1. For segment 161-173, give me the residue count where each residue is of a type in the set (Asp, Glu) and either away from ligand 2 (no atom under 16 Å from the Cβ) or outside any loop (DSSP other than H, G, I, E, B) (or both).
2. Within the set of pairs 6+ apart or on separate chains, which have a first residue in segment 225-251 that is closer than 22 Å to ASP300 by Cβ, a second that is at pLDDT 95 or above and hydroxyl-bearing (Ser, Thr, Tyr), and C-beta atoms under 7 Å apart?
3. Looking only at residues in segment 174-190 that are in a loop (DSSP other than H, G, I, E, B) and within 11 Å of ligand 2 (Cβ to nearest atom), which one is nearest to the chain's Cα centre (by Cα)?
4. Where in segment 243-315 are there helices (runs of 4 or more DSSP H), lying wholly inside it, with at least 1 residues that are within 15 Å of ligand 1 (Cβ to nearest atom) and of a type outside the set (Gly, Ala, Ser)?
5. Would you check which residues across segment 109-123 are of a type outside the set (Gly, Ala, Ser) and at pLDDT 70 or above and list them?
6. Quick one: TYR349 ticks every box in (1) within 30 Å of LEU250 (Cβ to Cβ); (2) touching a strand residue (DSSP E or B) at 6+ places or on another chain (Cβ under 9 Å) bar one, so which box is it?
7. Taking segment 204-217 only, how many residues are touching a residue at least 40 places away in the same chain (Cβ under 8 Å) and of a type outside the set (Phe, Trp, Tyr)?
8. Return the pairs, sorted by first residue and then second, in which the second residue is of a type in the set (Ser, Thr, Tyr) and within 15 Å of ligand 2 (Cβ to nearest atom), the first residue lies in segment 351-380 and is in the same structural domain as HIS338 (by TED's automatic domain parsing), the beta carbons are less than 7 Å apart, and the residues are 6+ apart or on different chains.
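The values are calculated or read from the model by the stated rules, or taken from the named source; none is laboratory data. For clarity, every value in this text was computed on a predicted model and none was experimentally measured. Cβ sites come from the backbone with ideal geometry, for glycine too, and all protein chains shown count toward neighbours.
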Amino acid sequence: MRQPRILVIDPSGAAGLPYARFVARLQPMELRVETSLEAGLAALAADAWDLGIVTARSPGTAAQLLHGIRQADPDLPTVVLDSAPNVETARLCLQAGAGDYLDIARAEADLEDALVRILAESRRRDAEEVLRRAVERPYSFEGFLGESPAMAAVYSIIERVATSAVDVLVTGETGTGKELVARALHRRSRRAAAPFVPVDCGAIPDALMESELFGHERGAFTGADQRRMGLIEFADGGTLFLDEVGELPLALQAKLLRVLQERRVRRVGARQETAVEVRVIAATSRNLDAMVESGEFRRDLFYRINVVRIDLPPLRARGDDVGLLAEFFVNKAAQEMHKPISGLSIDAYQVLKSYHWPGNVRELQNAVRRAVAMTRSATADVEDLPDDIVAAAGRAAISCDDADTGFFAQRAQHVARFEKQFLSDLLTRHQGDVSAAAREAKLPRGTLYRLMKGHALEVSTFRK
Ligand SMILES: Nc1ncnc2c1ncn2[C@@H]1O[C@H](COP(=O)(O)OP(=O)(O)OP(=O)(O)O)[C@@H](O)[C@H]1O
Ligand SMILES: [Mg+2]
């Protein structure tokens, strides 16, 4: 543990030093003595302190000192040492925020107590602060929910590359949040005020794709009765999001490569090119590497867009994020549907945990919405979930119980048994006080709740 840092402000220039030395002998600490209010305040402004000790000779000066300290650091615990203690000064000092008021003559005896008490108090507050921050740990990032290590890695890449202009390829199964990544990159970039232009390469018919992307001149083809700007130009200065880039026809892949290399576009039917400055973020749920091998996707374009790749993990690889997301989606759906639903039943939660989620977050969101819409009770239950999910999850659970002798299955079973035992013991010790239990276990409270849910542990069974 770090040493406490104590600042003595002793304008009288008399008592401070010996007491400071005495104090320093009580326990190891960093000590500084300032002999004027001004120097004391400067030290307060420059550094962080755990305790202030102030000497006083008259009621006025003590209160003035305390007032100055309160302004510089409102949370600093402060002890006043008075060489002529009296009730009036004591009252003034305590009113001005002093943590304690001691007679200098008896200070050696009293100071140790005061010191231990005040330092313990400030350490407790520090610990609470750490805990509070842990509980409020940002498990959300730019529209993403999730605190699994796999997602933390994704947030970190987004943070690192967002402000550079480098093109990015986002890969991942359907519903994993590829569009969220693209939007997060744009929002965090220097071009956030410029347009974010999504283009769904899979949804636009091939015949229209070229003029959509590149624009056209009037009369370029039948029906082109007006000159039109393409989406690439429209994204000038901003971000072009090429969703499902694997669906782009080969001929357009070549044209797109040219845009990326030359940063110029030529509208259909135009003679001249126009300069554009866009950042391209491409996304695909298909295996582009394989498509390159089979000749469906141009290798040169692949190299060009694959400068930085962000690969989103499937939901089934995100551990407890399933619970976190399910809780969030339940609350959201309940609010939207004006239904007083407090959450999912433990069984329903367990079904969600063991399902393999081929449709990832989007599928989870839909399943939970359906459950909230269907349920007639205060918690959504297994019977409210889509049948295919329940059936598939049931099979998964059975195959797990099938005395799997593999390392991972065995380890998972041991971890599960350990978790349940640990949580039961912990909650028994704290008689169901989850906050106290979380503090002891050094776990964020939300995590503790989710673990309890996962093991079907109810707080009420631990209350005396
Ligand atoms: N980590 C997350 N936290 C909260 N919501 C999420 C998260 N990931 C995805 N979503 C939500 O799930 C839905 C699907 O996300 P998104 O459209 O970004 O996926 P996608 O990978 O582009 O899917 P597709 O390949 O089907 O286009 C959206 O409603 C999105 O807001
Ligand atoms: Mg998408």
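1. Start the filter on segment 161-173 by keeping residues that are of a type in the set (Asp, Glu), which leaves 167, 173.
Next cut, either away from ligand 2 (no atom under 16 Å from the Cβ) or outside any loop (DSSP other than H, G, I, E, B) (or both) only: 167.
Total satisfying the criteria: 1.
2. GLU244/THR284; VAL245/THR284; GLY246/THR284
3. Step by step, filter segment 174-190, then rank; the result is GLY177.
4. On the way: elements: 250-262, 288-293, 299-305.
In segment 243-315, the matching helices (runs of 4 or more DSSP H) lie at 288-293.
5. Of the residues in segment 109-123, the ones of a type outside the set (Gly, Ala, Ser) are 110-113, 115-119, 121, 123.
Correct list: ASP110, LEU111, GLU112, ASP113, LEU115, VAL116, ARG117, ILE118, LEU119, GLU121.
6. All conditions are met except number (1).
7. Result for segment 204-217: 8.
8. Sorted first by the residue in segment 351-380, then by its partner, the pairs are GLY359/THR174; ASN360/THR174; ASN360/THR176; VAL361/THR176.
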